[in-house]
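The numbers here are math on the coordinates, done by the rules we state, and not lab data. No experiment lies behind these values; they were computed from the predicted model shown. For neighbour counting, all protein chains shown are included, and Cβ atoms are generated from backbone atoms with ideal geometry for every residue, glycine included.
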């Protein structure tokens, strides 16, 4: 076992201050609408059988600029957070190529579990300001919201719909040794 691998071994948990899940979806047929979920719990595990990433998002933590819009997003039209307050993701494989990473896993949202692949970069342990070590991770992926039962929409007078079908997801994680 190399010194680097030995340093990585074990569980790393997310640093709440530097962790979020962000999304972007087409709105009114042209512009992107964006939101963020600061309520994230995630872990990164380096073990003899490889690397694993898992996490959950408190959907009620969605940060939007309008409370009425937030109420609609939390309603059964979208996330139905009274019945499904969290979304979870668990890797089934993590492929590392230097700092590039491809994570295949399963996303469970609104009671539906589907495969989702995300790609990005994963850093090496770096000294942080608190005197410990951190591992930064930046991942991106896309999903079709209808696959998860998030299908609300409305027609616009110009023939387009209020929302697009594809949701782009950005996951920003910083892990510290557990």
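In a GNM of the chain with a 10 Å cut-off on Cα contacts, which of 81, 119, 99 has the highest mean-square fluctuation?
Its mean-square fluctuation being the largest, the pick is 99.
Per DSSP H run of at least 4 residues, take -39500 (n - 2.57); add these up for the chain, divide by its residues and hand me the 222 nm value, nearest 500 deg cm²/dmol. If you can, show how the numbers build up before the last one.
Values: 2 runs with 14 residues, N = 178.
Taking each H run of at least 4 residues, the total per residue is -2000 deg cm²/dmol.
Starting from 0.36 nm per residue, how many nanometres of slack lie between residue 49 and residue 151 once their C-alpha separation is accounted for? Intermediate results must be reported in sequence, preceding the final value.
Working: separation 102, 0.36 × 102 = 36.72 nm, distance 3.83 nm.
Answer, rounded to one decimal: 32.9 nm.
How high is the relative contact order of segment 3-177, in percent, with contacts defined as C-alpha pairs under 8 Å that are six or more residues apart? Before the final figure, lay out each step's value.
On the way: 404 pairs, mean separation 43.5, N = 175.
With pairs under 8 Å counted, the relative contact order is 25 percent.
Report the label-to-label distance for residue 168 and residue 99 in nanometres (one decimal), using points 7 Å from each Cα along the Cα→Cβ vector.
About 2.1 nm separates the two model spin labels.
How big is the convex hull of the Cα atoms of segment 121-178, per residue, in Å³? Walk me through the numbers before you get to the answer.
Numbers: hull volume 7.9 nm³, N = 58.
Spelled out: Cα convex hull of segment 121-178, divided by residues, is 136 Å³.
Looking only at segment 49-68, which residues have a backbone nitrogen under 19 Å from a spot 7 Å from the Cα of residue 114 in the C-beta direction?
Counting backbone N atoms under 19 Å from the label point, the list is 55-57, 59.
What FRET efficiency, computed as 1/(1 + (r/R0)^6) with R0 = 41 Å and r the Cβ-Cβ distance, is obtained for residue 121 and residue 33, rounded to the nearest 0.05? Could you put the intermediate results ahead of the total?
On the way: r = 26 Å, r/R0 = 0.63.
Step by step, r from the Cβ atoms, then E = 0.95.
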